[in-house]
Amino acid sequence: MMCLRKDGGYFTSWQHVSAVYDSRHNTTNYVIAFSDISAIRKAEAQLNHLAYHDPLTELGNRNLLQERLELEIETARLNKQTLALLFIDLDGFKLINDNLGHSAGDLLLKLLAQRIRHSLRPGDLATRLGADEFLVLLPDIRQPQDLVGLIERLQHRLHDPTEIGQERVRLSASIGIALYPDHGLTPDSLISAADNAMHEAKRRGRNGYLFYSPDMMAQMRERMALEQGLLKAMEQQQFR
């Protein structure tokens, strides 16, 4: 329950009311005991925020993306709409992180996370998957050209030079795009499709974007089978 302090401020309280009876068991008075639990409520809010947000960039995390993606997929299904999921990987971030240090790398991630957030529409969701990978949920895509314009604006913002201490650095981004319902009907299938498209965009030269296509999955499986086969052959000394 909310209570009002003498100075006009509000605080959350826990209250317990007890009745006082006379010898004939008639109610004569009530005793109210209450405690200020503002600190407990604040701690609960902070824990809830940490459960759904990345502590470094303040963007959403995988938990928030999963819940929102499930909700938006159901909304899109009912309204026969299209939604997009972008998988963003920063090109060259590891080199900067290794040379300038992790503190500089963290600062760069914070700055780029702000650029991603400010490039989106109201209602879009930006999340950090981990390291230098981000996922962006774009519900209710009505015109393909609107999506392409947003992606190109996002790439341009990420490519702008950034001041990190005494250094001026510039990064690019490889972006994979998956669409509901064309490329997946579940959160996991859409994330996987966007991930495959991002890796293909990076393989083709970085600083670009690609829409997912079914042949990308076949190529990824073929490369994985080749890699695993080579490793097995090395372990079993099958090379001549």
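Pick out the one residue from Ser174, Ser192, Ser213 that is surrounded by 14 or more Cβ atoms within 10 Å (Cβ to Cβ), of a type in the set (Gly, Ala, Ser) and closer than 23 Å to Ile96 by Cα. Break it down into steps so the answer makes sense when it comes.
Details: Ser192 fails: closer than 23 Å to Ile96 by Cα; Ser213 fails: closer than 23 Å to Ile96 by Cα.
Answer to the check: Ser174.
Ala201 passes all but one of (1) outside any helix (DSSP H, G or I); (2) over 20 Å from the mean Cα position of the chain (by Cα); which number fails?
(1)
Within the range 95-105, identify whether any single residue is outside any strand (DSSP E or B) and of a type in the set (Asp, Glu), and answer yes or no. Full working, then the answer.
Residues of the range 95-105 that are outside any strand (DSSP E or B), as a first pass: 95-105.
From what's left, of a type in the set (Asp, Glu): 98.
Scanning the range 95-105 turns up at least one residue that is outside any strand (DSSP E or B) and of a type in the set (Asp, Glu).
Return only the number of the condition from (1) exposed (fewer than 12 other Cβ atoms within 10 Å of the Cβ); (2) in a loop (DSSP other than H, G, I, E, B); (3) not hydroxyl-bearing (Ser, Thr, Tyr) that Lys232 does not satisfy.
With (1) exposed (fewer than 12 other Cβ atoms within 10 Å of the Cβ); (2) in a loop (DSSP other than H, G, I, E, B); (3) not hydroxyl-bearing (Ser, Thr, Tyr) applied to Lys232, the lone miss is (2).
If only one of Ala201, Ala194, Ala173 is touching a residue at least 60 places away in the same chain (Cβ under 8 Å) and touching a Gly at 6+ places or on another chain (Cβ under 8 Å), which one is it? Walk me through it before giving the result.
Values: Ala201 fails: touching a residue at least 60 places away in the same chain (Cβ under 8 Å); Ala173 fails: touching a Gly at 6+ places or on another chain (Cβ under 8 Å).
Unique residue meeting the criteria: Ala194.
Please verify whether the range 70-83 includes one or more residues that are at pLDDT below 95, out of contact with any Ser or Thr (no Cβ under 8 Å at 6 or more places or on another chain), open to solvent by less than 40 Å² (accessible area, probe 1.4 Å) and assigned to a helix (DSSP H, G or I).
Looking for residues that are at pLDDT below 95, out of contact with any Ser or Thr (no Cβ under 8 Å at 6 or more places or on another chain), open to solvent by less than 40 Å² (accessible area, probe 1.4 Å) and assigned to a helix (DSSP H, G or I), one finds none in the range 70-83, hence no.
Looking at the structure I just gave you, is Asp106 more than 19 Å from Leu137 (Cβ to Cβ), without any contact (Cβ under 8 Å) to a residue 40 or more places away in the chain and surrounded by fewer than 16 Cβ atoms within 10 Å (Cβ to Cβ)?
No, not satisfied.
Got a number for residues in the range 129-140 being assigned to a strand (DSSP E or B) and open to solvent by 40 Å² or more (accessible area, probe 1.4 Å)? So that I can check it myself, show each step before the final result.
The initial filter retains those residues of the range 129-140 that are assigned to a strand (DSSP E or B), namely 129-130, 133-138.
Still in the list and also open to solvent by 40 Å² or more (accessible area, probe 1.4 Å): 129, 133.
Here the count works out to 2.
With the condition kept exactly as written, say whether any residue in the range 30-42 is of a type in the set (Phe, Trp, Tyr), at pLDDT below 95 and either open to solvent by less than 100 Å² (accessible area, probe 1.4 Å) or out of contact with any Ser or Thr (no Cβ under 8 Å at 6 or more places or on another chain) (or both). If you could, list the steps in order and put the result at the bottom.
Taking the range 30-42 first, the residues of a type in the set (Phe, Trp, Tyr) are 30, 34.
Applying the additional criterion that residues be at pLDDT below 95 yields 30, 34.
When the remaining residues are screened for being either open to solvent by less than 100 Å² (accessible area, probe 1.4 Å) or out of contact with any Ser or Thr (no Cβ under 8 Å at 6 or more places or on another chain) (or both), the result is none.
So far as the range 30-42 goes, no, none of its residues is of a type in the set (Phe, Trp, Tyr), at pLDDT below 95 and either open to solvent by less than 100 Å² (accessible area, probe 1.4 Å) or out of contact with any Ser or Thr (no Cβ under 8 Å at 6 or more places or on another chain) (or both).
Consider Leu64 carefully, then state whether it is under 26 Å from Gly205 (Cα atoms), open to solvent by 20 Å² or more (accessible area, probe 1.4 Å) and not in a strand (DSSP E or B).
For Leu64, the condition - under 26 Å from Gly205 (Cα atoms), open to solvent by 20 Å² or more (accessible area, probe 1.4 Å) and not in a strand (DSSP E or B) - is not met.
Any residue at all in the range 155-165 that is free of Cβ contacts under 8 Å to residues at least 24 places away in the same chain and in a strand (DSSP E or B)? I'd like the intermediate steps shown before the answer.
Kept after step one, since they are free of Cβ contacts under 8 Å to residues at least 24 places away in the same chain, are these residues of the range 155-165: 156, 161, 163.
Going one step further and asking which of them are in a strand (DSSP E or B), we end up with 163.
Yes, the range 155-165 contains a residue that is free of Cβ contacts under 8 Å to residues at least 24 places away in the same chain and in a strand (DSSP E or B).
Could you tell me which of the residues Gln66, Gln81, Gln15 is more than 18 Å from the chain's Cα centre (by Cα) and closer than 30 Å to Asn196 by Cα?
On the way: Gln66 fails: more than 18 Å from the chain's Cα centre (by Cα); Gln15 fails: closer than 30 Å to Asn196 by Cα.
Only one candidate passes the filter, namely Gln81.
The values are calculated or read from the model by the stated rules, or taken from the named source; none is laboratory data. On a predicted model such as this, the values are computed, not experimentally measured, just so you know. Here the Cβ is made from the backbone with ideal geometry for all residues, glycine too, and neighbour counts use every protein chain on show. Protein only, heavy atoms only, side chains kept; ligands, DNA and RNA dropped before computing areas. Shrake-Rupley method; radii C 1.70, N 1.55, O 1.52, S 1.80 Å.
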